[in-house]
Structures are given as structure tokens and as C-alpha cells.
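Q: Please read through the structure below; I'll follow up with questions.
The values are calculated or read from the model by the stated rules, or taken from the named source; none is laboratory data. All values derive from a computational prediction rather than experimental measurement. Note: ideal-geometry Cβ built from the backbone for every residue, glycine included; neighbour counts use all protein chains shown. Areas reflect the complete protein model, heavy atoms only, side chains present, ligands, DNA and RNA absent. Shrake-Rupley method; radii C 1.70, N 1.55, O 1.52, S 1.80 Å.
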Amino acid sequence: MSRTALRVCPLCEATCGLTLTIEDGRVTGARGDRDDVFSKGFICPKGAAFGAVDSDPDRLRAPLVRVDGELREATWEEAFDAVAAGIRPVAERHGPHAVGVVLGNPNVHTVAGALYPPVLIGGLGTRSLFTASTVDQMPKHVSSGLLFGDANLIPVPDLDRTDHLLLIGANPLESNGSLCTAPDFPGRLKALRARGGTLTVIDPRRTRTARLADRHLAIRPGTDALLLAAMAHTLFDEGLADLGERAPHIRGQRELAAALADFTPEAVSGACDIDAAGIRTLARELAAAPTAAVYGRIGSCTVPHGTLASWLVDVLNVLTGNLDRPGGALFPQAATDRTPRPAGPGRGFALGRWHSRVRRHPEAKGELPLSALAEEIDTPTDEGEPVRALIAVAANPVLSAPDGERLDQALGSLDFMVSVDPYLNETSRHADVVLPPPPPAQSPHHDFAFNTLAVRNQVRYTRPAVPLEPGRMAETEILARLVLAATGMHGADPAAVDAMVIDQTLGKAVRDPHSPVHGRDPQELAGLLTGENGPERRLDMMLRLGPYGDGFGADPDGLTLDRLLAHPHGIDLGPLRPRLPQPLKTRSGQVELLPEPIAADLPRLRAALDERPDGLVLVGRRHLRSNNSWMHNVPALTGGSNRCTLHLHPDDAERLGVRDGQPVRIKGAGGEVTAPAEVTDAVRRGVVSLPHGWGHDRPGTRIRHAAADPGANVNQLLDGSLLDPLSGNAVLNGVPVEVAPVAAVVTETFDALT
Ligand SMILES: Nc1nc2c(c(=O)[nH]1)N[C@H]1C(S)=C(S)[C@@H](COP(=O)(O)OP(=O)(O)OC[C@H]3O[C@@H](n4cnc5c(=O)[nH]c(N)nc54)[C@H](O)[C@@H]3O)O[C@H]1N2
Ligand SMILES: Nc1nc2c(c(=O)[nH]1)N[C@H]1C(S)=C(S)[C@@H](COP(=O)(O)OP(=O)(O)OC[C@H]3O[C@@H](n4cnc5c(=O)[nH]c(N)nc54)[C@H](O)[C@@H]3O)O[C@H]1N2
Ligand code: SF4
Ligand SMILES: [Mo]
């Protein structure tokens, strides 16, 4: 018998609503949900392959526990016993920081990943926290923290209303967008052009997005901060800076103009390889457009000046009066955001409250750089304890972080490791216990994170589309039990974790004079919560306390879980609206245009004015049918153009004597890898491109399709030493490499031998 069920797609940040076809408890089809309030029927090839992703036969069905060196299937009880027995002695003997936590990208795509890791980290009291954010968007968090006082307050381009979009280091036609949740990003870009707006793309590659643009500038990798600084300089120089209506909420304009004085278009032109007149035109067009938005992503973050580039993106939005206005870049307001408090000075954003043990990297947002994980495990120091036990949730850093070889060895040396992961892959193969979550169709979905980054305010929740298979445990329960086992409460009822969070949250809310529940009895409020289980009750609580909530009766028309469940295609909450100054949490209560840590980093950018790489530099790329490191095991999503090849420009190929399709050796500071060359003028001269997430050739994994065509791990070319200093973010783009045809390598070796 066939039926359908709704499910928000968890496979990228676009959060499309899907209609799944279900036969005998299995997903046999997926199409776009035309009634979805946000995605209106859009679907991409990944979403269409939801069934194949869901039913991959290599997904683990039962927990694995290492016995006599070998991972064997075990019961859940045995698995959590082993977790408690592995972690508690390390924490008790060596202190809380000896237990590390690694959180990977899929946590932002699951209900469990949103609700339990904060409880886990708090309960452990560890400072050894490493996440995918420091190989991704940490620079944006830091720039937002400094500008607005809140690291999670990230302006989003108003795609549907803007007249002018400047897109930097992003390729939404392949990625479907990031830090800008927009189902059908491609369609929204086409609509922008159709209504007479302009799209400019800055990318060293002529991407599919660049091909859609009015103008594409193939910048030299790693130099966007210089370009943006020169654009800001031009706005000041030509009297084009105009803060508009938000001016009273912004400070530091004069100091900013002075700080950027050296960054003239002429001064940056050589480094960026963009002519000065072109830079002035970019600035003038931005200022002249009725509304405009500057948006930067991976290519602007994972570079040596990632925080400065991220800061300058918003500086340009501010200087052209586009921050916080329709058509510009605005702050979304999600349904699970906290109750808005009145505007006023806040506590500000602090960096470097503690440091990593080995190389003394400052923490950012409570995290240490993922690039430092290996050394925090394998390098003893006089003070402090190495990480000896590790909890990895939805993370594959052996492939996604720099120098996987070293990390691979470091993970093998741990006293204990547990992975919450559906696959036995390059990272989880080191675990002593693997706890597999159910496939997505058996899990609920709500976008806690992406709704705070969406181009339209809306809210959707989908319950599991199919019931849990026998022997499965919900990922929310897995993580709740993991919290208990890791924090000395092994065996307690997992519902106690949710009850504790609800208790604490409501306790705080009733004491908050700005909360709609101020002065009420938390017990009574807890009794009003609905939902089938702890996580649903927590969602209900957040919705009811949130900006659209019913305030537990204060606004009878407000949002509750019950109301949301009555709208299976979601509830539209309207277009983005101006919010300043309310969400600002800086000490001044204003937008701080030139925060001190930024000013202190500018001399480093000034030094970059004279830098020119002598050889080739490497950048990454994504493919529409990929998803970081974990989707190469689905046959429907591999093959064709989705291959791990090295793109290089015909002129470079000729100079190096490389033919199309020939294997080439690529060498970087961290090691070397081999991949077939793909000669294409889609990359600029001097730049080569290799995608990430490949290198599935390690022993002891259980990802058969991926292992058959493993590709090469681009991150082996990095040694983990290149970071953006303010954010601790890894430098993954604009990295110097050497490339040679493999035949030439053989000759060289032969020469060396004779
Ligand atoms: N060179 C280079 N390196 C990069 C990047 C780049 O552009 N270039 N991009 C970086 C970026 S932006 C990111 S976000 C990281 C991503 O890197 P990671 O954070 O490592 O994320 P993924 O590779 O997406 O998947 C991690 C793991 O999650 C598991 N998983 C999948 N679904 C679930 C689930 O529902 N629950 C649980 N518990 N586990 C699940 C997968 O099996 C996999 O083992 O890679 C980074 N690495
Ligand atoms: N299909 C697919 N979709 C995905 C993912 C995936 O792996 N596959 N991953 C998801 C994740 S975790 C994330 S974070 C997002 C990322 O979303 P995007 O940021 O859109 O990711 P990319 O497609 O890697 O685009 C980055 C672009 O930056 C360019 N670039 C590299 N270096 C520089 C530079 O120095 N300057 C400039 N201006 N450009 C540069 C690259 O050529 C590339 O085209 O995608 C998400 N969506
Ligand atoms: S665009 Fe992203 S969210 Fe939408 S169907 Fe594709 S993978 Fe899923
Ligand atoms: Mo990412």
C-alpha cells in the first residue's frame, strides 16, 4: 500500500518541503511539496534522491562496540554501558577538558543536533569543543559578534526584493545557498534579473552562478578583504557613504574611514588582479542601486582574512544604507528565537576567553579550531591535559579538516571514542562505540538554525514520516542517553534531560520582566506543554516563548506546537522586516563599525597588499549532487560530472605538460595526493580546484560504493597551520600547491635513483 508524507529536506540549507511516497514503510519517491509555504514545490536532484539516501544498505542498523579490537554489533544497553565506562574515568582522572567533543555539519540539519549538544557540553564542562564551524563560517560569527554583539545575528540578503546583489565566494547554483536559506536560490536569482536587477559574482572560477550573472570578476583567491576594503574606501573617497535611516544606531564611521585610508583601488588592484577602475565601478553601482545586498560565503570565509572579509561585507551593507532595510540585508526573526528584549546596551562579544593548549589559539564562540584537534590529542604540554576521550556527533573530520592523516593517527591513539553516526567511515572507524541514528524518514524535522538565516520568516515542523524500525532508537533519545552516560547519570530516564532543560528555561523566563510569562508558576507552565515526547515539548516551549508565540495564553492567537501541527505545509510569517536597534547586544547598544580586534588585524591586511603568489593556488568546489563527505555512497548521487578531478586552466596545463584526463600529483604543505586532471578555462590562470569530502580509501570502513571510487582527500594538502587568526577558521582556499603530471613524477624519482 502506498501513501504520502511530508518531510522538510535535511540535505542542504535550502530546507525544501518534500512529499515522500511511502510503500511498505520505505520511501520510494520524493517530489517537491507544492503547498509548502516556503519552497512551493522546488526540489533538487539530492532531494529527489531522498529515498536512496534514506535506504542506503550501508547505513548501520545497530550500535557497534569494540571488543578485542574489533567493532561488533551490540545492544543499545551494552553500547551506553561502554560509553559510560569509557568516558567517566577519563573525566574523573584527567579533568573535564580531557574529554573532547566534535560536532559536524549534519547537527544543524537534525532536531537532535540542535537540542542536545549544548546540554552535553554544559554537562561535561569541557573547553575542548571543536566543530565544523571552524572549517566554515566562524569568521562570520566573529564579525557579527563584533559588529552587532551577537555571533548568531547574521544579516541575510533580501533575495526576493533586492535590486542589486553582489555575491562573493558563493556558488548557490551548486550549493543551493548557505547562511542564506532560500529554497530555489537559482530561481530567485533569475527572478532578480527578470525584474531588472543586477547580479555580480566574484569568484576565481566561472561557476554556474557566475554564468548567470551580469558581471563576473575572477579575483585572485584570498584577496576579497582587500577588494571590499577598497570598495569601502571608494565610498568614503567619493562621498557616497550614506547610512540612511539606521544612522542613529551606528557608530565609528569616521574612525572606519581613517582605518581604510591605505586601501585605495590602485593599492589593492595588483593583489586582487582586478583593475582599479573596475573596483570603483563596483562601489559606485552598489551605492547607486535603489537597494542592494552584499553577500559572502565559503570563498570569503575560509581564507587568511576571513573575518575581515566577513566584516567588510556588512560594512558595505551599512555604508550604502542597506543594512536592515527591505531589499538590503536584514536580520530574520525565527519562531524559536528568544523573547525579544527591549533595545539597549548588551554584554558585548568576547574573544579569547581561553586558549587551546598546544598552539594557544584563542577560543571563538566557545570553540577551538578544528585544525587544532589532532595536536590537542597527540601533543603533550607542561600544563593541561591532552584530549584523551572524544565524543563525535555527525562529524567526519578525517576528511573535512586539514591533515586527515595526522588526525587519523591521533584518533587511533585515544583512550576512548564514541561516534554518533549512521556510517562506519573514515572517522567513526576509530570509535570504540558507534551509535547509529535512524535514517531521516524516521526522524522529526525542524530547522532551528536555518530559520534564523532564511530569506523569509516562516516555520515548519514535520514528524517522522515512517515509524522507527524495530531495534532503532531516535537520535534525540540517543543523544539524551549519551548526555547521561557521559556526565555520570548513566541509566537515568532520558526524559529527565528534557525535563531539566524545560525546568531551567521556564524558571528563567518567569523571572524575566520582559517575558510574557513573567511572574507565573513554572510548574504550571510545564504542565501546559503539549507534544508526544521530550523534544516536542521543548519545541512547544520555545515556540510559545518566542516572538510569535502564544506566551502560554498571553496571546491566544499566538504560535504553539499544536497550531504548527495543524499546518503541515508550514506557516508563513512574512517577509524580513527591519529590526534595529532591538537585537543589538554590543556594549554601546549600537552597530560598532570598527571594533578593536578588527582594527588590530588591519595591519596584517595591509601587509597583504604586496603579496603575490609565485605558483599555483588551490580552491575548492561543490557539486549539486554532493554533500561534503557523506553522500558519495549513494549511486544516484555520484558519477557523471560529480567526480574528484583537478580543474586547471589550459595555459597552466600546457606549461606543466598536463593532458586532460591524465593523473596529476598535487603537493601542498601537508602532503600530496593524486587526481585526474580536468583541463578547463572555468578556473582562472594560476588557480586549480579540487572538491572536498573525497578520499574514501581507508581500511576498516563500511561505505562500499564510495570506496569503489574513493577520490582524493584535498585536505591532506593542508598541514593545519594556516588559520584566520581572529576566528581560528581553517584556510581552505587560496593555498599554495605544486602540480605535476604523474608520469613526470615517475621520471623524477627515476632520475633520483640513478
Ligand atoms: N577543503 C575543504 N574542506 C572543507 C570544506 C571546503 O569547502 N573545502 N567545507 C567545510 C564545511 S563548509 C563543512 S560544513 C565541513 C563538513 O564536514 P563534517 O562536519 O565532517 O560533515 P559531513 O561531511 O557533512 O558529515 C559528517 C558526518 O555526519 C554523518 N551524518 C549524516 N547524517 C547524519 C545524521 O542524521 N545524524 C548523525 N549523527 N550523523 C549524520 C555522516 O555519516 C558523516 O560521518 O567540511 C569542511 N571541509
Ligand atoms: N551540493 C552541495 N551543496 C552543499 C554542500 C555540498 O557539499 N554540496 N555543502 C553545504 C555546506 S556545508 C556549505 S557551508 C555550503 C557552502 O556554500 P557555498 O559557499 O555556495 O559553497 P561553494 O559551492 O563551495 O562556493 C564557494 C565558491 O567560492 C569560490 N572561491 C574559492 N576561493 C575564493 C576566494 O578567495 N574568493 C572568492 N571570491 N571566491 C572564492 C569557489 O570557487 C566556489 O565557487 O554549501 C552547502 N550545500
Ligand atoms: S535544495 Fe537542498 S533542501 Fe532542497 S531538495 Fe535539494 S538538497 Fe533538499
Ligand atoms: Mo558548511
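Q: Tell me, which residue of the stretch 154-206 that is out of contact with any Leu (no Cβ under 9 Å at 6 or more places or on another chain), open to solvent by 30 Å² or more (accessible area, probe 1.4 Å) and of a type in the set (Gly, Ala, Ser) is nearest to ligand 4 (Cβ to nearest atom)?
A: Filtering the stretch 154-206 for residues that are out of contact with any Leu (no Cβ under 9 Å at 6 or more places or on another chain), open to solvent by 30 Å² or more (accessible area, probe 1.4 Å) and of a type in the set (Gly, Ala, Ser), the one nearest to ligand 4 (Cβ to nearest atom) comes out as ALA194.
Q: Looking at the stretch 466-529, what helices (runs of 4 or more DSSP H) fall wholly within it and have at least 1 residues that are open to solvent by 30 Å² or more (accessible area, probe 1.4 Å) and more than 30 Å from ALA441 (Cβ to Cβ)?
A: Once the helices (runs of 4 or more DSSP H) in the stretch 466-529 are filtered for at least 1 residues that are open to solvent by 30 Å² or more (accessible area, probe 1.4 Å) and more than 30 Å from ALA441 (Cβ to Cβ), what remains is 495-511, 522-528.
Q: Would you call PRO663 closer than 30 Å to LEU260 by Cα and open to solvent by 10 Å² or more (accessible area, probe 1.4 Å)?
A: no
Q: Here's another thing I want to ask about it. Go through (1) assigned to a helix (DSSP H, G or I); (2) open to solvent by less than 20 Å² (accessible area, probe 1.4 Å); (3) touching a Lys or Arg at 6+ places or on another chain (Cβ under 9 Å) and name the single condition ARG429 misses.
A: For ARG429, the exception is condition (2).
Q: Among the listed residues GLY239, GLY244, identify the single one that is closer than 22 Å to HIS164 by Cα, open to solvent by 20 Å² or more (accessible area, probe 1.4 Å) and in contact with a Gly (Cβ under 6 Å, 6 or more places away or on another chain).
A: Values: GLY239 fails: in contact with a Gly (Cβ under 6 Å, 6 or more places away or on another chain).
Just one listed residue meets the conditions, GLY244.
Q: Counting only residues that are part of a loop (DSSP other than H, G, I, E, B), touching a residue at least 24 places away in the same chain (Cβ under 8 Å) and more than 13 Å from ligand 1 (Cβ to nearest atom), which one in the stretch 623-641 is farthest from ARG206 (Cα to Cα)?
A: Residue satisfying both the conditions and the ranking: THR638.
Q: Is it fair to say VAL673 is touching a residue at least 24 places away in the same chain (Cβ under 8 Å), crowded, with 20+ Cβ neighbours inside 10 Å and not in a loop (DSSP other than H, G, I, E, B)?
A: yes
Q: Another question, if that's okay. Just checking, does the stretch 343-355 include any residue being modelled with pLDDT under 95, more than 30 Å from ARG612 (Cα to Cα) and of a type in the set (D, E, K, R)?
A: No, the stretch 343-355 has no match at all.
Q: Considering only the stretch 6-102, give the helices (runs of 4 or more DSSP H) lying wholly within it that have at least 3 residues that are surrounded by 21 or more Cβ atoms within 10 Å (Cβ to Cβ).
A: By residue number, 50-54, 76-94.
Q: A follow-up question, please. Please verify whether the stretch 713-733 includes one or more residues that are at pLDDT below 95 and either crowded, with 18+ Cβ neighbours inside 10 Å or polar (S, T, N, Q) (or both).
A: Within the stretch 713-733, none of the residues are at pLDDT below 95 and either crowded, with 18+ Cβ neighbours inside 10 Å or polar (S, T, N, Q) (or both).
Q: Of the numbered conditions (1) touching a residue at least 24 places away in the same chain (Cβ under 8 Å); (2) out of contact with any helix residue (DSSP H, G or I) (no Cβ under 8 Å at 6 or more places or on another chain), ASP610 fails exactly one; give the number of that condition.
A: Here ASP610 meets the rest and fails (2).
Q: Can you go through PRO699, PRO736, PRO741 and tell me which one is in contact with a strand residue (DSSP E or B) (Cβ under 8 Å, 6 or more places away or on another chain) and open to solvent by 50 Å² or more (accessible area, probe 1.4 Å)?
A: Of the residues listed, the single one that is in contact with a strand residue (DSSP E or B) (Cβ under 8 Å, 6 or more places away or on another chain) and open to solvent by 50 Å² or more (accessible area, probe 1.4 Å) is PRO736.
Q: Which count do you get for residues in the stretch 428-453 that are touching a strand residue (DSSP E or B) at 6+ places or on another chain (Cβ under 6 Å) and away from ligand 3 (no atom under 16 Å from the Cβ)?
A: 7
Q: Another question about this same structure. Give the residue, chosen from LEU179, LEU173, LEU166, that is assigned to a loop (DSSP other than H, G, I, E, B), under 24 Å from ALA213 (Cβ atoms) and not β-branched (Val, Ile, Thr).
A: Every option except LEU179 fails the conditions.
Q: Restricting the stretch 207-236 to residues that are farther than 17 Å from GLU611 by Cα, part of a loop (DSSP other than H, G, I, E, B) and in contact (Cβ under 8 Å) with a residue 60 or more places away in the chain, which is least open to solvent (accessible area, probe 1.4 Å)?
A: Residue satisfying both the conditions and the ranking: THR207.
Table: residues versus (1) over 30 Å from GLY549 (Cβ atoms); (2) in a loop (DSSP other than H, G, I, E, B); (3) of a type outside the set (Gly, Ala, Ser).
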residue	(1), (2), (3)
VAL315	yes, no, yes
ARG325	no, yes, yes
ALA335	no, yes, no
ARG338	no, yes, yes
PRO342	no, yes, yes
VAL358	yes, yes, yes
ALA372	yes, no, no
GLU376	yes, no, yes
ALA392	yes, no, no
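Q: Here is a check on your reading of the model: is HIS216 more than 9 Å from ligand 2 (Cβ to nearest atom), more than 28 Å from the chain's Cα centre (by Cα) and not assigned by TED's automatic domain parsing to the domain that holds ARG621?
A: no
Q: Which condition number in (1) within 20 Å of the chain's Cα centre (by Cα); (2) buried (at least 24 other Cβ atoms within 10 Å of the Cβ); (3) in a loop (DSSP other than H, G, I, E, B) is the one that THR307 fails?
A: The number of the failed condition is (3).
Q: Which members of the stretch 344-356 meet the condition of being hydrophobic (A, V, I, L, M, F, W, C) and either surrounded by 17 or more Cβ atoms within 10 Å (Cβ to Cβ) or outside any loop (DSSP other than H, G, I, E, B) (or both)?
A: Across the stretch 344-356, the qualifying residues are PHE349, LEU351.
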